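Written below as structure tokens is the structure these notes are about.
The values are calculated or read from the model by the stated rules, or taken from the named source; none is laboratory data. Everything numeric here is computed off the predicted structure, so don't read it as measured data. Heads up, the Cβs are rebuilt from the backbone with ideal geometry, glycines too, and the neighbour counts pull from every protein chain shown.
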Amino acid sequence: MKLDELIEHLNYKDLINFKNVEISGISYNSKTTKKGDIFVCLTGEYTDGHMFAKDAIANGATALFVEHGVEADKSIPQVVVSDTRHQIANIADRFYSSPSRGLNLIGITGTNGKTTVTHLIQKIFEQNEQKCALIGTLGYKLSSTGEYRDAKHTTPQAPELQATLRMIKDVEKIDNVVMEVSSHALEQNRVGGCCFDGAVLTNLTQDHLDYHITMDNYFEAKALLFKGLQEGAYAVINADDEYAERFLNAVPEGIRRYTYGVKKSADVQAQDIHFSLNGAEFKLVTKDGEFPVNLHMNGMFSVYNVLAAITTAIAAGIDLKVALKALENVKGVAGRFEVVAKKPLVIVDYAHTPDGLENVLNSAREITPKEGKLICLFGCGGDRDATKRPKMGAIAERIADKIVITSDNPRSEDPQQIITDIIAGLKSVNQEKVTVEPDRGQAIALLKTIAENNDVIVIAGKGHEDYQILKDRTIHFDDREEARKVFEGSAI
């Protein structure tokens, strides 16, 4: 593609050394820049891409996308824009010929539940004999039985995202894509140019305040997905969420609105909910009637996730009976209320927010035998919102019978300081109830001495992750592997 085609619809401030060169790719990392790339100088919290423009040129960049002119080879054209981080999406969408406009693209946003809901919707499409690709936290995959491929972020940066969408459409011949859309991706316009046919809200609770600072800012970031919906699209909102009305008000006129919930009146409701070791069951109430639902998944959060998927299926015109058949066959999602041992019952879950931890512990309490104890092992990530640490400590103390406080992904922070922040939320540090062990592997091993066969253990925070991020390195670490070693006699 020629440079003038790439920037034809762009609101740029200036052109320096303009030459209509051929552009064969988009890069924003000088180390991976290839011959023919336009190099985008991103300004970030720690680095400024303008400093690496010369390196990118040395590696073959034929044009620069900048916020101000840089000293470089005068044969290299520079396109000056106000915000490269925001406008990289515009050139990525243009370069890959707007692939989302030829796809049925469904975006899922919210604090908790995004990963599970995307997987459930993918299953529903496949039950309806339609191919559906998935993009999210675990990577991207082209079918529910396929392998995950690494996507680096929950929502990839714009060039990778648009390239992936184009590949899904043209190479794999898949017309449906369900995608997790994070608040960071919305704030940073990584999904700029994407034309969403549907937008789904799971919930909005405290998370990422290290980035967004306030809940209002966090809401505004999430709301961008709904504000950007175009004619013919639909919005699916959790009616029970505290922010439901604000999200509904953010949806433009003419967009179809659907709600789901348990507590409040909604288009799709779950009533008469019961939990057992086998899963959850409830009565589904819609305008078309009432239907019994029997799930292999457990917990109230699973009910909400299923309601979100069912409502999306209805909005997308898929027969309700097809959707229910798909969901009743689902065993679960990796690292989401995943049972890894049976005596004691050991559950690994990704819950890493106050709301997420409360939900998973309440769900585990529902299936804890009367003679058994509920034990919770958790930590909090470093370099992230510190205000949620004491809240999570208080939640664990209130719901669980025993808690083990340990390290999560400490990153550059001192693990002991993170633990101290968690302990600040406890009413008392009773050694009969609270155990502190900074080494996560040793903490999981300690569960063998704390738990009895009738107990239920929740290992929270990392879920599907198979690594731990330390100050100076990242090591292999998988809660599920560690728990299976400790409880090998009853491991699944």
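Couple of notes before you dig in:
- There is at least one residue in region 452-470 that is under 22 Å from residue 356 (Cβ atoms), part of a loop (DSSP other than H, G, I, E, B) and without any contact (Cβ under 8 Å) to a residue 40 or more places away in the chain.
- Here residue 70 clears all of (1) outside any helix (DSSP H, G or I); (2) crowded, with 23+ Cβ neighbours inside 10 Å; (3) in contact with a Cys (Cβ under 9 Å, 6 or more places away or on another chain) except the condition numbered (2).
- Residues in region 351-366 that are out of contact with any strand residue (DSSP E or B) (no Cβ under 6 Å at 6 or more places or on another chain) and in a loop (DSSP other than H, G, I, E, B) were compared, and the one that is surrounded by the fewest Cβ atoms within 10 Å (Cβ to Cβ) is 353.
- Residues that are surrounded by fewer than 24 Cβ atoms within 10 Å (Cβ to Cβ) and not in a strand (DSSP E or B), drawn from region 280-302: 287, 288, 295, 296, 297, 298, 300
Residue-by-condition table, conditions (1) under 21 Å from residue 359 (Cα atoms); (2) without any contact (Cβ under 8 Å) to a residue 12 or more places away in the chain; (3) acidic (Asp, Glu); (4) touching a His at 6+ places or on another chain (Cβ under 6 Å):
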position	(1), (2), (3), (4)
383	no, no, yes, no
391	yes, no, no, no
397	yes, no, yes, no
413	no, no, yes, no
423	yes, no, no, no
430	no, yes, no, no
438	no, no, no, no
450	no, no, no, no
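- Listed here are the strands (runs of 3 or more DSSP E) enclosed by region 1-65 that have at least 1 residues being buried (at least 19 other Cβ atoms within 10 Å of the Cβ): 25-27, 37-40.
- Within region 474-488, the residues that satisfy the criterion of being within 18 Å of residue 380 (Cα to Cα) and assigned to a loop (DSSP other than H, G, I, E, B) are 477, 478.
- Residue that is in contact with a Phe, Trp or Tyr (Cβ under 9 Å, 6 or more places away or on another chain) and at negative phi, where the choices are 250, 323, 280: 250
- Neighbours by Cβ (under 8 Å, 6+ apart or cross-chain): first from region 310-336, free of Cβ contacts under 8 Å to residues at least 40 places away in the same chain and under 16 Å from residue 285 (Cα atoms); second aliphatic (A, V, I, L, M) and in a helix (DSSP H, G or I): 320/310; 320/313; 320/314
- Subset tally (residues that are within 18 Å of residue 242 (Cβ to Cβ), among the aliphatic types (A, V, I, L, M), at pLDDT below 95 and not in a loop (DSSP other than H, G, I, E, B)) for region 169-217: 2
- Failed condition for residue 63, given (1) on the phi > 0 side of the Ramachandran plot; (2) in contact with a Pro (Cβ under 7 Å, 6 or more places away or on another chain): (1)
- Lone unmet requirement of (1) part of a loop (DSSP other than H, G, I, E, B); (2) out of contact with any strand residue (DSSP E or B) (no Cβ under 8 Å at 6 or more places or on another chain) for residue 166: (1)
- Hey, residue 88 more than 28 Å from residue 330 (Cβ to Cβ), assigned to a helix (DSSP H, G or I) and either assigned by TED's automatic domain parsing to the domain that holds residue 217 or touching a strand residue (DSSP E or B) at 6+ places or on another chain (Cβ under 7 Å) (or both) or not: yes
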